[in-house]
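Everything below concerns the one structure shown next.
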Amino acid sequence: ASVSVGSSQDGISTIKLGWFSEISPMWPGEAHSLQVEKVLFQGKSDYQNVMVFQNSAYGKVLVLDGVIQCTERDECAYQEMITHLPLCSIPNPKKVLVIGGGDGGVLREVSRYSSVEQIDICEIDKMVIDVSKQFFPKMAVGYEDPRVNLHVGDGVAFLKDVLEGTYDVIIVDSSDPIGPAQELFEKPFFQLVAKALRPGGVVCTQAESIWLHLHIIEDIGSNCRQIFKGSVNYAWTSVPTYPRQGKWPPVDFRHPVYHIEEDHLNESLGPLKFYNSEIHAAAFCLPSFAKRVIDNK
Ligand code: SAM
């Protein structure tokens with residue numbers, strides 16, 4: 001049997017003979033496949049198709065519009081890196097905004113910081129939040145921090161109403177630039193981000209893969225260089241279930257100024273699984289082919 005699990009925009013990811021294959025025009029000619037033990041949830045929100053299935057190697061898998069967003073086993077490699085790279089780069093971050101990130105994993109990581117006073121999140125899709133609370137409690141635990149203020153809505157619209165210089169850190173934990181997240185990769189969005197950040201604040205955004213999307217990374221990089229004027233860097237992490245990996249911290253901060261391992265605020269979350277200070281520095285070392293394109297701008 002073949003079941004289409006994509007949206008009308010991609011429409012081609014399938015579950016065939018018990019295997020989910022992630023097929024998308026974003027990575028033509030390749031498909032990552034995971035065996036489906038059981039489909040746990042399938043729904044259609046106002047914005048996208050939402051699916052959760054069980055896999056024997058990676059645990060539960062969250063899929064939006066046919067694209068894997070996170071799995072129980074490897075989400076740490078994404079959530080810890082996209083959070084601790086920016087937050088450890090500046091002293092005493094107090095106000096943090098997460099755009100996207102409906103699964104709650106980034107909130108969980110931000111909640112480790114005792115210096116943080118306010119954590120705002122703007123996620124467009126309530127179904128992602130509800131599904132995460134039901135099926136991914138170890139990520140959705142992030143919502144339980146009393147410093148979290150949840151806004152359900154579009155990240156671009158939210159930023160338009162933010163007072164200038166509000167945030168120390170903005171984390172853009174978006175899905176791919178097809179569908180509701182498209183605008184989160186465009187120049188006007190980064191102009192709004194720049195306005196919402198205080199001077200010296202940092203933004204870190206999910207910026208796709210050096211293997212597949214160097215052109216997207218180049219565009220984000222040149223837009224950010226024009227807008228932020230400060231330094232812009234690309235760091236990468238390794239997430240086995242992504243055909244794409246990378247983030248854009250805007251300051252050259254190979255050496256973290258803060259050591260989150262020593263913050264004991266939320267010890268109940270357990271120790272970090274992926275991030276440490278050495279990985280922080282190493283994440284900025286790029287393969288030569290990517291370095292030529294990204295650094296020569
Ligand atoms: N780690 C993931 C990855 O890179 O595949 C991203 C995960 S997170 C679930 C992405 C979230 O961004 C989704 O829940 C999606 O609904 C949300 N999102 C997409 N477009 C958005 C927008 N314009 N405003 C706010 N949230 C948005």
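The table below lists the values:
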| quantity | calculated |
| --- | --- |
| Matching entry among 166, 83 (being of a type in the set (Ser, Thr, Tyr), modelled with pLDDT of 95 or more and under 14 Å from the mean Cα position of the chain (by Cα)) | 83 |
| Every pair of residues 6+ apart whose Cβ atoms lie under 8 Å, when the first sits in segment 118-145 and is in contact (Cβ under 8 Å) with a residue 60 or more places away in the chain and farther than 14 Å from residue 102 by Cβ while the second is within 13 Å of the ligand (Cβ to nearest atom) and of a type in the set (A, V, I, L, M, F, W, C) | 145/107 |
| Residues that are within 12 Å of the ligand (Cβ to nearest atom) and either at pLDDT below 95 or crowded, with 24+ Cβ neighbours inside 10 Å (or both), drawn from segment 110-122 | 121 |
| Selection count where residues are in contact with a Ser or Thr (Cβ under 7 Å, 6 or more places away or on another chain) and either aromatic (Phe, Trp, Tyr) or farther than 21 Å from residue 92 by Cα (or both), scope segment 133-173 | 2 |
| Hey, residue 89 closer than 28 Å to residue 166 by Cα and at pLDDT below 95 or not | yes |
| Candidate set: segment 150-170, residues that are more than 11 Å from the ligand (Cβ to nearest atom) and outside any loop (DSSP other than H, G, I, E, B); chosen: the one farthest from residue 122 (Cα to Cα) | 168 |
| Positions within segment 171-189 being buried (at least 23 other Cβ atoms within 10 Å of the Cβ) and more than 9 Å from the ligand (Cβ to nearest atom), in sequence order | 171 |
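For (1) within 12 Å of the ligand (Cβ to nearest atom); (2) under 27 Å from residue 280 (Cβ atoms); (3) in contact with a His (Cβ under 8 Å, 6 or more places away or on another chain); (4) charged (D, E, K, R), each residue gets a yes or a no:
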position: 51; (1), (2), (3), (4): no, no, no, no
position: 58; (1), (2), (3), (4): no, yes, no, no
position: 63; (1), (2), (3), (4): yes, no, no, no
position: 69; (1), (2), (3), (4): yes, yes, no, no
position: 75; (1), (2), (3), (4): yes, yes, no, yes
position: 78; (1), (2), (3), (4): yes, yes, no, no
position: 89; (1), (2), (3), (4): no, yes, no, no
position: 92; (1), (2), (3), (4): no, yes, no, no
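Residues are listed down the side, and each one gets a yes or a no for (1) under 15 Å from residue 179 (Cβ atoms); (2) at pLDDT 90 or above; (3) crowded, with 16+ Cβ neighbours inside 10 Å:
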position	(1), (2), (3)
3	no, no, no
7	yes, no, yes
22	yes, yes, yes
37	no, yes, no
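The values are calculated or read from the model by the stated rules, or taken from the named source; none is laboratory data. Since the model is a prediction, treat every value here as computed from it, not as a measurement. Please note: Cβ atoms are built from the backbone with ideal geometry, for glycine as well, and neighbour counts cover all protein chains shown.
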